[in-house]
Amino acid sequence: MRESFPELVWSQSGKPTKVCLGPRGQREDWDRFKSVCPSIVEAVEQLLHSFSDQKVEVTFGDVLDYGPGHLLGWHQDSMDLTRHLFTVVLTLASEGSGRCEWRKIAEDGQELQEVVSSTMPALGNLAIHGLTCNNELAHRVFWDEGRRLALVLFCRSPEIEALLKGKGAQSRLSMRYWWRKEHEKVK
């Protein structure tokens with residue numbers, strides 16, 4: 001994909017290389033990727049089919065390619081009830097060693113607390129995190145050696161949006177209070 005669509009590639013030292021697939025409101029929106037990487041497009045179709053009752057749309061999709069020393073530091077996803085309700089992360093390849101970690105956000109939103117989960121994502125690992133998780137936990141991914149390829153889908157659904165709004169749910173993005181430059185380093 002990087003070679004066929006270089007205009008979609010974002011690369012920064014020490015971070016995973018990102019291929020920005022863009023939004024996918026309709027099935028045909030990502031047809032141009034089928035000839036280069038049919039397995040990724042098929043994985044997206046299968047994932048979205050599993051949400052058929054919720055009419056899930058992908059507001060944005062990325063493929064992240066982690067190599068040795070790559071880090072996506074402590075963060076929350078920028079969720080908004082009208083455009084991004086949950087994130088789906090599928091590990092497409094995994095070799096070597098690395099971690100996905102989650103830390104509790106203090107009740108007042110001012111700092112990060114202890115690590116509550118730390119796992120090495122294996123091939124086929126699927127993680128879905130939504131508004132409640134995002135309001136309470138920060139996460140990061142780092143890769144020490146080898147390689148990890150991950151499909152990341154930022155999703156929304158009119159049905160889920162209406163349900164959450166009806167319950168008074170809202171996004172409490174707090175990283176502006178606790179994010180610091182040192183969060184860009186593995187400790």
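Worth pointing out:
- Among (1) surrounded by 14 or more Cβ atoms within 10 Å (Cβ to Cβ); (2) farther than 28 Å from Q170 by Cα; (3) touching a helix residue (DSSP H, G or I) at 6+ places or on another chain (Cβ under 8 Å) - the single one K34 does not satisfy: (1)
- Among the residues examined, P6 does not qualify as in contact with a Phe, Trp or Tyr (Cβ under 6 Å, 6 or more places away or on another chain) and either without any contact (Cβ under 8 Å) to a residue 60 or more places away in the chain or under 23 Å from L71 (Cα atoms) (or both).
- Check on L21, more than 24 Å from N135 (Cα to Cα) and modelled with pLDDT of 95 or more: yes
- Complete set of residues in region 1-31 that are buried (at least 17 other Cβ atoms within 10 Å of the Cβ), among the basic types (K, R) and more than 29 Å from G98 (Cα to Cα): R24
- Those residues of region 1-15 which are part of a loop (DSSP other than H, G, I, E, B) and within 18 Å of the chain's Cα centre (by Cα), in sequence order: S11, Q12, G14, K15
- Scanning region 31-51 for residues that are aromatic (F, W, Y) and part of a loop (DSSP other than H, G, I, E, B) returns a single hit, F51.
- The lone exception for F33 - which of (1) touching a Ser or Thr at 6+ places or on another chain (Cβ under 9 Å); (2) under 30 Å from L164 (Cβ atoms) it fails: (2)
- Residue within region 16-30 that is within 25 Å of E182 (Cβ to Cβ) and part of a strand (DSSP E or B) present: yes
The values are calculated or read from the model by the stated rules, or taken from the named source; none is laboratory data. Keep in mind that what you see is a predicted model, and the values were worked out from it rather than measured. Neighbour counts run over all protein chains shown; Cβ positions are idealised from the backbone, glycine included.
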